[in-house]
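Everything on this sheet refers to the single structure shown next.
The values are calculated or read from the model by the stated rules, or taken from the named source; none is laboratory data. Keep in mind it's a predicted model, so treat the numbers as computed, not measured. Cβ atoms come from the backbone with ideal geometry, glycine included; neighbour counts cover every protein chain shown. Protein only, heavy atoms only, side chains kept; ligands, DNA and RNA dropped before computing areas. Shrake-Rupley method; radii C 1.70, N 1.55, O 1.52, S 1.80 Å.
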Amino acid sequence: MTGISFRYLQKPPTPDVLDEIFDILAANMRVIAPTGLSYEEDKAQWLSCVPPALTKEARQILLIYDRDELIGFFQYYVTADHSTFMMEEIQFKEAYHGSGLFGDLYRYLLPRLPADIQAVEAYADKRNAKSLSVLGHLGLTVIGENKNGISYHLHGNFARLKEKYG
């Protein structure tokens with residue numbers, strides 16, 4: 001995968017980039033955890049949440065390209081006190097599932113994060129067995145649920161990520 005590159009989303013994001021990001025997300029979620037809503041309804045709901053969240057400086061989206069084609073993204077933030085790395089959303093186009101791209105992403109990202117992070121956390125839809133498996137492989141364990149009970153809240157040791165991908 002010699003054509004893979006990573007670029008941070010420029011804020012505020014352009015509508016074209018948001019469309020590309022949502023299309024990757026929607027394609028995966030239709031298979032993993034369909035909402036029952038139309039594409040347009042899902043997109044409207046997503047647009048009501050994500051762009052406003054990106055106004056916060058800490059919240060980042062790392063875009064993943066294969067040459068000039070956007071093939072995935074990773075949304076995350078680090079808490080203000082640098083104690084926790086919060087993984088919010090990671091999505092790749094289907095053709096890149098199982099390609100090793102996850103490891104490439106972490107090898108790129110980890111050196112760019114604050115050195116004093118202690119914990120890593122994530123939420124994963126209870127129906128998304130693949131995400132839960134990946135998070136478990138990274139050493140995260142379930143510590144609770146989100147407010148609506150749809151997702152698990154997972155927690156792990158950041159040092160384990162650094163050992164694995166550092």
**Asked** Hey, T84 hits all of (1) more than 14 Å from the chain's Cα centre (by Cα); (2) modelled with pLDDT of 95 or more; (3) open to solvent by 50 Å² or more (accessible area, probe 1.4 Å) but one; which does it fall short on?
**Response** (3)
**Request:** Being open to solvent by 20 Å² or more (accessible area, probe 1.4 Å) and assigned to a helix (DSSP H, G or I) is the filter here, so list the residues in segment 154-166 that pass it.
**Result:** A159, R160, K162, E163, K164, Y165
**Message:** Pull out all pairs, ordered by first then second residue, where Cβ-Cβ is under 8 Å, the residues are six or more apart or on different chains, the first lies in segment 45-64 and is among the hydroxyl-bearing types (S, T, Y), and the second is assigned to a helix (DSSP H, G or I).
**Reply:** none
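Just give me the residues in segment 44-81 being assigned to a helix (DSSP H, G or I) and open to solvent by less than 40 Å² (accessible area, probe 1.4 Å), in sequence order. Break it down stepwise before answering.
Kept after step one, since they are assigned to a helix (DSSP H, G or I), are these residues of segment 44-81: 44-53.
Scanning segment 44-81 gives W46, V50, P51, A53.
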**Asked** Looking only at segment 22-38, which residues are part of a helix (DSSP H, G or I), without any contact (Cβ under 8 Å) to a residue 60 or more places away in the chain, open to solvent by less than 80 Å² (accessible area, probe 1.4 Å) and not acidic (D, E)?
**Response** F22, A26, M29
**Conditions (1) out of contact with any strand residue (DSSP E or B) (no Cβ under 8 Å at 6 or more places or on another chain); (2) open to solvent by less than 60 Å² (accessible area, probe 1.4 Å); (3) more than 23 Å from L135 (Cβ to Cβ); (4) not hydrophobic (A, V, I, L, M, F, W, C): number failed by Y106** = (3)
**Item:** Answer from E94, E89 - the residue that is under 24 Å from P34 (Cβ atoms), of a type in the set (D, E, K, R), open to solvent by 70 Å² or more (accessible area, probe 1.4 Å) and in contact (Cβ under 8 Å) with a residue 60 or more places away in the chain
**Value:** E94
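For (1) open to solvent by less than 40 Å² (accessible area, probe 1.4 Å); (2) not in a strand (DSSP E or B), each residue gets a yes or a no:
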| site | (1), (2) |
| --- | --- |
| I117 | yes, yes |
| Y123 | no, no |
| V134 | no, yes |
| G139 | yes, yes |
| G144 | yes, no |
| Y152 | no, no |
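Of everything in segment 37-73, what is polar (S, T, N, Q) and either within 14 Å of the chain's Cα centre (by Cα) or closer than 17 Å to F102 by Cα (or both)? Give them in sequence order. I'd like the intermediate steps shown before the answer.
Quick first cut of segment 37-73, residues polar (S, T, N, Q) only: 38, 45, 48, 55, 60.
Scanning segment 37-73 gives a single hit, Q60.
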**Message:** Looking at the structure I just gave you, is V120 touching a helix residue (DSSP H, G or I) at 6+ places or on another chain (Cβ under 8 Å) and at pLDDT 95 or above?
**Reply:** yes
